[in-house]
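To keep things clear, I will list the structure first and then write my remarks on it.
The values are calculated or read from the model by the stated rules, or taken from the named source; none is laboratory data. Small disclaimer: the values here were computed from a predicted structure and weren't measured. Virtual Cβ from ideal backbone geometry, glycine too; neighbours counted across all protein chains shown.
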Amino acid sequence: MNTANQNWPRKSPLGPGSATEVVLAASDSMGTADYKCSGNNDQFVVQQAINVAAAAGKKLRVKAGHYKLAPQGDYILQLVDNTIMEADKGAIFQKVTDVGFTANANPNFFSSNGFAWWPLTSANYIRNVQIYNLTIDMGTTPHLKLNAADWGHPKGFYDYRVIRGTIKGLTLGEVTVMCPDPAVIHYVRFFLWHCSNVLLQQCSFDGIESWVFTYDPNDPWNYSKWDGDYFEVDSCVFKNGYAGMNIGGGMKHYYAHHNKLYQTNYSLPASAIDMFMSPGGRAEYNEVYNTGNYGIYGEGGNDQVFANNYVEGARAGNDAGPVPGGWGGWGILVCDQKYKGRGTNVQIHDNHIKNCSQGIQVEGYGSRATGDNGGPKVFNNVIEDMDLHGIVFVPRQDSGYPLATADYGLVAGNQILGFGKLPGHTSRGIMLSQVSHADVGPNAAGGANTVDGKEYTGALEGISEVTGSSAPTDNNHIHGNIVKGCKTPYMKKGLHSVFE
């Protein structure tokens, strides 16, 4: 467990069933209530109940029923400080029309700051928002259509936002968000700026992407201006979205664990779990199935950990389905970002990756390493039946920035059980491309690696060095491994590398 998260809010401080509550009822709810909706423009009654309960320091209890909500400008409901909402089973907030949304605006079901959109400063923060057990139906009418040129999908798709704004302390517990039509691709998302202490627990999202930005857009790579901290996603289900959990823009201490993600849109350049510039981020004990690009993706940030995840069926493709060996399709890929200082000390261990285009790739994360602790560590993973490669280390180059190498890596205790299923390619079990000072074999991270190509047609090289023009390939130590089932067990290229 990530002990940094133990003190995060996990339940309403007032507690379920508290007497200090305001009761809200739909037109079809049973019994009495403090506020009763009519079934027509219910957003006004719901908004009043939210405001009154929060101002009084009370919880808003939402009775079972169907609440018919229409827009108030470019949002439907506005959250305020100390919004604490707990719904009875069967309570559904349903968007019934798009009429009234600002022209060409991205619609927002909940907004923390009304019409204020930019700049978002501390003056716009709201604090302590907690929503439990509610079902949100995003409606049947599509919103702003995003075209293929912008988003890389031949049909384009539609943008819906569940929550937009700046929130310090947001908890969603057992909240369900339903997409209008699972047959159509949607971009349903949280869009949060400068947020912290966010917890999503036991929620279900049909088509979702969670975008979090915490940097100054005028100086995005300056650590000192990043103020977002602690974003936890625990035991949630994601399916049919552009991306499952895409947390970025400097969110420190992002923790995604025990989630299930089902992605079926192979033509989208997205990942089920995506940590973008999130130092200290962790992805653990998640299950990912059939993602359209990467199963789990990390880009930038020191001390990221990817552990004990299960990834199956990560393959790029098109609307017709997955394309074996297509570009991408990594079970887990981490790449260094171009912000100041680069990243170090990424760890990828005890994951199980099965039937993907490729297994694990590390790009960079070694440029500042001195050989003691900073290099990337890949250990004790099980990688089964890859179309192409098992484990790959390569440098990362961004235009105008120093090269980030993947030097001083430790690769140990991995079991690569089948690679090179796709003929016509030179596939490798473990590939060190333009990498130096790697230790592949029994070391401080684990024991010997087992590399078995299973005699697949494309399993040409077991453990190999690959040269290139960006960085040297040399001084690697490959030792004590078990290599079988491939045409050439070892391929040495570095003059001072040792294979034994």
- Considering only segment 287-302, how many residues are within 12 Å of Ile353 (Cβ to Cβ) and of a type in the set (S, T, N, Q)? 1
- Task: Test each condition in (1) at pLDDT below 80; (2) closer than 25 Å to Ser235 by Cα for Ala149 and report the one that comes out false.
- Result: (2)
- Can you tell me which residue within segment 286-296, out of those that are part of a strand (DSSP E or B) and modelled with pLDDT of 85 or more, is nearest to His257 (Cα to Cα)? Glu287
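Collect the residues in segment 363-413 that are of a type in the set (D, E, K, R) and either modelled with pLDDT of 95 or more or closer than 21 Å to Glu312 by Cβ (or both), keeping them in residue-number order.
Going through segment 363-413, the residues of a type in the set (D, E, K, R) turn out to be 363, 368, 372, 377, 384-385, 387, 396, 398, 407.
Those that are of a type in the set (D, E, K, R) and either modelled with pLDDT of 95 or more or closer than 21 Å to Glu312 by Cβ (or both): Glu384, Asp385, Asp387.
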